[in-house]
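The values are calculated or read from the model by the stated rules, or taken from the named source; none is laboratory data. Just so it is clear, the model here is predicted, and its values are computed rather than measured. Ideal geometry is used to build each Cβ from the backbone, glycine not excepted, and the neighbour counts take in all protein chains shown.
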Amino acid sequence: MTAIHYLRCLFGIITREGLRFTHQRERFISSLVRPLLWLIVFAAGFRNVLGVSMIEPYDTYVLYEVFITPGLIAMIQLFNGMQSSLSMVYDREMGSMRTLLISPFPRWWLLTAKLMAGVAVSIVQVYVFLVVAALLMDITMPPWGYVTVLPALILTGMMLGAMGLVLSSLIRQLENFAGVMNFVIFPLFFTSTALYPLWRMKDANPWLADICAANPFTHAVELIRFALYCRLNVESLAVVVGTFVVLMAAAVWGYDPSRGFMQRKGDA
């Protein structure tokens, strides 16, 4: 097979994911309502209580709703990565995923194409959210920040999507996956710097700050936060890339019918 065949496969999977997203309007609406509720209700209510001091990458003091915007962007990608993997479980139950996995393309390319399709959808959601946040809450970033954040969105989206793929390879039934999502999403989100800076965590509870520092979602948030202000957080970049490589390798192994998690479930 040539590179053209691989590109056709990628285009077909992205098109399928895009059509599924456009036909599920409630998914698009919920992807916007969820972070906007946090931004309008939670952030506005605590802006006078939870002040944020001058920390990197900010050059001055910022309002609380400005601080949590990168965390809400990462939340969009986290939920989208889990929902995209939820569709993998659904396709497996319906039998349509079998048609995809028996194609002559390598398993790693099929899973990567699935990830890229989910990331493309999440990036559209993120930019729509940024537009709505600017119109409703007057939350704006440096003009070049909307461009420099794109590579960060791709990397964080791939990492969070790979996490969803690993979960989908472990869970067999659709009902179980929906429940497990809550046990993964909320601990990742609340034990990160999405809502509070790390120094505030250290003042409140040192061991909780250590958990937040080790949380890959924290580094996803910080990578997006720095990128929005045209800066690079090297440590967060290394953690996000390293976590993606490990999770992607686990997902490829898990979807291998001869030795992965799928085979174990079949034997059981």
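Which residues, counting only those in segment 60-84, are under 16 Å from the mean Cα position of the chain (by Cα) and among the charged types (D, E, K, R)? Selection gives nothing. Scan segment 158-175 and tell me whether some residue there is modelled with pLDDT under 85, surrounded by fewer than 13 Cβ atoms within 10 Å (Cβ to Cβ) and of a type outside the set (S, T, N, Q). Yes, some residue in segment 158-175 is modelled with pLDDT under 85, surrounded by fewer than 13 Cβ atoms within 10 Å (Cβ to Cβ) and of a type outside the set (S, T, N, Q). Answer with yes or no whether V184 is assigned to a helix (DSSP H, G or I), over 19 Å from M75 (Cβ atoms) and within 14 Å of the chain's Cα centre (by Cα). When the stated conditions are applied, V184 does not pass them. Scanning segment 125-145 for residues that are part of a helix (DSSP H, G or I), surrounded by fewer than 15 Cβ atoms within 10 Å (Cβ to Cβ) and in contact (Cβ under 8 Å) with a residue 40 or more places away in the chain returns V128, L136. Exactly one residue out of P216, P206, P197 is in contact with a strand residue (DSSP E or B) (Cβ under 9 Å, 6 or more places away or on another chain) and surrounded by fewer than 22 Cβ atoms within 10 Å (Cβ to Cβ), and it is P197. Would it be correct to say that E222 is buried (at least 20 other Cβ atoms within 10 Å of the Cβ) and at pLDDT 85 or above? Criteria met by E222. Can you tell which of L78, L86 is at pLDDT 70 or above, touching a helix residue (DSSP H, G or I) at 6+ places or on another chain (Cβ under 7 Å), of a type outside the set (K, R) and surrounded by fewer than 19 Cβ atoms within 10 Å (Cβ to Cβ)? Result: L86 is the single residue among L78, L86 that is at pLDDT 70 or above, touching a helix residue (DSSP H, G or I) at 6+ places or on another chain (Cβ under 7 Å), of a type outside the set (K, R) and surrounded by fewer than 19 Cβ atoms within 10 Å (Cβ to Cβ). Within segment 232-256, residues that are over 18 Å from A152 (Cβ atoms) and among the acidic types (D, E) reach no partner that is part of a helix (DSSP H, G or I) and modelled with pLDDT of 95 or more with beta carbons closer than 7 Å at six or more positions or on different chains.
Pairs linking a residue in segment 167-192 that is closer than 19 Å to L111 by Cα to a residue that is outside any helix (DSSP H, G or I) and modelled with pLDDT of 75 or more, with Cβ atoms under 8 Å and 6 or more positions apart or on different chains, are S169/Y255. Considered as a group, the residues in segment 42-66 that are assigned to a helix (DSSP H, G or I) and modelled with pLDDT of 80 or more include one that is farthest from S84 (Cα to Cα), and that residue is Y64. For A194, the test of being hydrophobic (A, V, I, L, M, F, W, C), closer than 19 Å to I55 by Cα and not in a helix (DSSP H, G or I) is passed.
Which of the residues belonging to segment 151-169 are polar (S, T, N, Q) and farther than 13 Å from T243 by Cβ? Within segment 151-169, S168, S169 meet the criteria.
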